[in-house]
1. What is the percent carbon and sulfur in the accessible area of the chain, measuring with a 1.4 Å probe over the protein chains and ignoring ligands?
2. If you average 1/r over every pair of different alpha-carbon atoms in the range 23-103 and take one over that average, what Kirkwood value in Å do you get?
3. List, in order, the whole-Hz ³J(HN,Hα) value for each residue of the range 160-177 obtained from phi through the Karplus relation with A = 6.51, B = -1.76, C = 1.60 and θ = phi - 60°; use x for Gly and Pro.
4. Suppose R0 equals 22 Å. What FRET efficiency, 1/(1 + (r/R0)^6) with r the Cβ-Cβ distance, do residue 11 and residue 64 give to the nearest 0.05?
5. Would you check the accessible area of residue 6, probe 1.4 Å, heavy atoms only, in square angstrom rounded to 10?
6. Counting only protein chains, not ligands or nucleic acids, how are 72, 167, 140 ordered by accessible area (probe 1.4 Å), most first?
7. Going Cα to Cα from residue 57, which lysines come in below 23 Å? Please leave out same-chain ones fewer than 8 positions away.
8. Determine how many Å³ per residue the convex hull of the Cα atoms of the range 56-155 encloses.
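The values are calculated or read from the model by the stated rules, or taken from the named source; none is laboratory data. Just so you know, these numbers come straight off a predicted model, no measurement behind them. Note that we place each Cβ from the backbone using ideal geometry, even for glycine, and neighbour counts take in every protein chain shown. Quick note on the areas: whole protein, heavy atoms, side chains included, nothing else; ligands and nucleic acids left out. Shrake-Rupley method; radii C 1.70, N 1.55, O 1.52, S 1.80 Å.
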Amino acid sequence: MNPWLIFTLAAFAAAVLYAAARALHTYYHWRGTRLVVCPETRDYASVTINAKQAALKSLEGKNYLRLEDCNRWQEREKCAEPCLNQIVESADGCLVRTYVDNFYRGKHCAICRKPFLDVGWTEHLPAAIDDNGNTVTWDRVPVPQLPKFLTSHMPVCWDCHVAATFRRQHSDMVTDRPWQH
């Protein structure tokens, strides 16, 4: 076989692999729900980037960044997407996941005092407790309300959340006894 043909095929294969790796990286970088402050309303908004289109455009060597969805569009229609600057300029891209990680990092469960070492994205999600003793996992809170929720609640581990929920829903089946040392 001709060495030039082998070289050309190898170079072509390398270029295809590089483009595919770039597209895959672009897709994974831009996927996920993000929390931004809407420049028009000054309220928090939940947005998603069109990661698929960004990945496809990266195959052409182009940078493409457009919103796929925004919770404000129902009432304000599509906008000029000025919030994209916040996402690009933010080190974490305004990802909700990072926002939640930062809330729990270095804290202890408000009930059992167990430290939060990792949020555990594939396991049981941690929760938070309000002044009335009601617990809720953070993923049940609408994304635009997360900042207010996380500042008004204390972090709670999954185990304590389950116990508190059971106690609240089945109080007739629970007997509380004073703690003895």
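1. 55 percent
2. One decimal place: 13.1 Å for the Kirkwood radius.
3. Using θ = phi - 60°, the values come out as 5, 4, 4, 5, 5, 5, 4, 4, 6, 7, 10, 4, 6, 9, 10, 10, 8, 10 Hz.
4. 0.25
5. Counting only protein heavy atoms, residue 6 exposes about 90 Å² to solvent.
6. Solvent-accessible surface, decreasing: 140, 167, 72.
7. Straight-line reach from residue 57, under 23 Å: 78.
8. Normalising the Cα hull of the range 56-155 by residue number yields 152 Å³.
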